[in-house]
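Below is one structure; the comments refer to it alone.
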Amino acid sequence: MTLPEQVSASRTIVIQAPVEKVFALATDIGNQGAWRSDIAHVDLSQDGTSWVETTSQGIKIAFREQEKQQGIYIITYESPQGFTGHWEGRFTPRQHHRNNPDRGAYRARHGTNFCTRRGAY
């Protein structure tokens, strides 16, 4: 299968939970397998800033944390299949309107960019 050399995607979702709780869950790498069905195992480094995920298909992908501050999480990744990229998550409280019943919800916007080494995968 041939892929373009660069691919970008982004998505925004709203979750009915406090932003701090969702940010803590999303950045707790050691427990990703508890809520992500595509992960079989996570090997976390001692300092917790890099890890290797083994997917349910047995593929190992290496990750490294680039930035982690309240509301922003940026990681880079590389797979042995020949693609690299970065993922950026922005976690912000949802704007409330007086007629909006979603108090306590938050908006998560994330984007993924990846590059193939030769445009083929």
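The values are calculated or read from the model by the stated rules, or taken from the named source; none is laboratory data. Bear in mind the structure is a predicted one, so any value in this text is a computation, not a measurement. Counting neighbours? That spans all protein chains shown, and the Cβs are built from the backbone with ideal geometry, glycine included. SASA here: full protein model, heavy atoms, side chains in, ligands and nucleic acids out. Shrake-Rupley method; radii C 1.70, N 1.55, O 1.52, S 1.80 Å.
What about GLY48, is it at pLDDT 85 or above, farther than 23 Å from ALA9 by Cα and in a loop (DSSP other than H, G, I, E, B)? Criteria met by GLY48.
Just a yes or no: is a residue in the range 41-61 in contact with a helix residue (DSSP H, G or I) (Cβ under 8 Å, 6 or more places away or on another chain) and open to solvent by 60 Å² or more (accessible area, probe 1.4 Å)?
Our first condition is that a residue be in contact with a helix residue (DSSP H, G or I) (Cβ under 8 Å, 6 or more places away or on another chain); within the range 41-61, this holds for 41-42, 44, 48, 51, 53.
Going one step further and asking which of them are open to solvent by 60 Å² or more (accessible area, probe 1.4 Å), we end up with 41, 44.
So far as the range 41-61 goes, yes, one or more of its residues are in contact with a helix residue (DSSP H, G or I) (Cβ under 8 Å, 6 or more places away or on another chain) and open to solvent by 60 Å² or more (accessible area, probe 1.4 Å).
Pairing residues of the range 57-76 that are over 21 Å from SER37 (Cα atoms) with residues that are assigned to a strand (DSSP E or B) and of a type in the set (Phe, Trp, Tyr), at Cβ distances under 6 Å and at least 6 apart in sequence or on separate chains, gives GLY71/PHE91.
Taking first residues from the range 32-54 that are over 15 Å from TRP87 (Cβ atoms) and partners that are assigned to a loop (DSSP other than H, G, I, E, B), the Cβ contacts under 6 Å between residues at least 6 apart in sequence or on separate chains come to ALA40/SER56.
For the range 19-40, residues that are under 15 Å from THR92 (Cα atoms) and either open to solvent by less than 70 Å² (accessible area, probe 1.4 Å) or of a type in the set (Lys, Arg) (or both) total 7.
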